[in-house]
Amino acid sequence: MNTSEKIKNSFVSMVYGDALGFLNENTVGETNVLEPFVFEFDSKVRVNACPGQWSYITELNMIVLKSLVDVKEKYAVKVDYSRLIHELELWQYYRHGSPENFDKKLRAKKSYYNSEYYWKNTRGDGFSRIIPIVLTNNNFQGIEEEVYKNIIYINRHPQVTLTGLLLARALFLMIEKPVTDRLELIQQLKEYLIYLKLTTLEGSIQGELPEKYGIQFEKEKVQYIMALDRVKYRKCEEHHEWGSRDVFIRSVQSLWSLMDDEAISLEGIPKKELKESLAITYSLWGAMDGQKNRPELKDEHVLENMGDYLNKLRRYQVSKDYYRGVKEEVDLFQLQKGEKAKHPLLNAVKVLERKESDAYVFLIMETKSGVYHFLKKK
């Protein structure tokens, strides 16, 4: 498998892992067969999900992918944060799942960065959104810089930033030269942590860090190194409340199962953590030439096109401009069944179905990037 194939396979396999985890989160018992299920949008709205439906994990990955700009003169692919925030605001209406960190960020806006939650939450839901950044950049220095910026855009606890960087490092290694020996991979990740410096990561980042943040950062590094050591012996620890480190560690342990041609055990993984844990496992597995015979996913053709788009960005063949927005944006929820419109983010859209009640407006929209289910409370 060449690099282009690895890139595509890693991304689509990530979606498969997410879909499998999302299904298991919303069903009783365990299953590895993608099938229809019912998703609870909120306490009042339940939506029928088709086989292979993914969660906000994939949606955030897609949003980051759509927000990437290939800067050929710098040999880098960077995140356009102007587009990213507009994508996230639109995403509120079609999301599958409700990650607390993103909800708080979108509600509080700039004041979010002064909140205790921003600095102290260790889970960092959706940190795996950095996967497209890794898949589209050719050198790790550029990857590290962009991944760090993207993680601290939503979460600042050192455990979350370290987890995002370790995921980036592991996936980069798998793409460059798959590390099939578990001890070697663990050793490389440990060495990466040992030489990682907060001052280097901060670079041109503006703003002062809280007192003792540097000490906290170093303590988290030590805790991570100890946790990685335990992975060598396949020790699965039980936790009352999972942080980002627990999700990543369990993902690596599940990867070993796939490499040994064993079934992944979901035992001990909280239901709500399945989707991100499995998404990471299968993304790494896909980069290693795994996941060849998987079931078809929702909007399979769209995912294939996105895999091709990842490679075009990686080769600087898109020449994408930074997002400037528009003065007047079409209100999707004013459209009626059968109507077509041009949206600055979705491009050409068509309303396939419209339902309205006293509580909400529900739309099924056909777009170039797939079929979306939009829901807005009144």
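The values are calculated or read from the model by the stated rules, or taken from the named source; none is laboratory data. Because the structure is predicted, anything quoted here is derived from the model rather than measured. Methodologically, a virtual Cβ is constructed for each residue, glycine included, from the backbone with ideal geometry; neighbour enumeration extends over all protein chains shown. Areas reflect the complete protein model, heavy atoms only, side chains present, ligands, DNA and RNA absent. Shrake-Rupley method; radii C 1.70, N 1.55, O 1.52, S 1.80 Å.
Overview of results
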item: Scope the stretch 343-359; condition closer than 21 Å to His86 by Cα and loosely packed, with under 11 Cβ neighbours inside 10 Å; matching residues; result: none
item: Identity of the residue in the stretch 168-186, outside any helix (DSSP H, G or I) and either of a type in the set (D, E, K, R) or touching a Pro at 6+ places or on another chain (Cβ under 7 Å) (or both), that ends up surrounded by the most Cβ atoms within 10 Å (Cβ to Cβ); result: Asp181
item: Within the stretch 302-330, tally of residues that are open to solvent by less than 70 Å² (accessible area, probe 1.4 Å) and either more than 13 Å from Met365 (Cβ to Cβ) or touching a helix residue (DSSP H, G or I) at 6+ places or on another chain (Cβ under 7 Å) (or both); result: 16
item: The stretch 190-224, residues that are in contact with a Leu (Cβ under 6 Å, 6 or more places away or on another chain) and among the hydrophobic types (A, V, I, L, M, F, W, C); result: Phe217
item: Single match in Leu335, Leu297 (criterion: open to solvent by 10 Å² or more (accessible area, probe 1.4 Å) and either at pLDDT below 95 or farther than 16 Å from Ile131 by Cα (or both)); result: Leu335
item: Candidates Val28, Val38, Val64 - the one that is assigned by the TED database to the domain that holds Glu296, touching a strand residue (DSSP E or B) at 6+ places or on another chain (Cβ under 6 Å) and either open to solvent by less than 20 Å² (accessible area, probe 1.4 Å) or not small (Gly, Ala, Ser) (or both); result: Val38
item: Hits in the stretch 142-167 (condition: part of a helix (DSSP H, G or I), of a type outside the set (A, V, I, L, M) and under 15 Å from the mean Cα position of the chain (by Cα)); result: Glu146, Tyr148, Lys149, Asn150, Thr161, Thr163, Gly164
item: Unique residue being touching a residue at least 60 places away in the same chain (Cβ under 8 Å), open to solvent by less than 20 Å² (accessible area, probe 1.4 Å) and in the same structural domain as Leu201 (by the TED database) when the list is Ile57, Ile143, Ile151; result: Ile57
item: Subset of the stretch 194-214 (residues that are open to solvent by less than 90 Å² (accessible area, probe 1.4 Å), part of a loop (DSSP other than H, G, I, E, B) and more than 15 Å from Lys149 (Cα to Cα)); result: Leu196, Pro210
item: Residue tally, condition modelled with pLDDT of 95 or more and either surrounded by 14 or more Cβ atoms within 10 Å (Cβ to Cβ) or within 18 Å of the chain's Cα centre (by Cα) (or both), over the stretch 98-114; result: 11
item: Residue satisfying condition, being in contact with an Asp or Glu (Cβ under 7 Å, 6 or more places away or on another chain), surrounded by 15 or more Cβ atoms within 10 Å (Cβ to Cβ) and without any contact (Cβ under 8 Å) to a residue 40 or more places away in the chain, within set Leu189, Leu165; result: Leu165
item: The stretch 361-378, subset more than 24 Å from the chain's Cα centre (by Cα) and modelled with pLDDT under 90, residue surrounded by the most Cβ atoms within 10 Å (Cβ to Cβ); result: Lys377
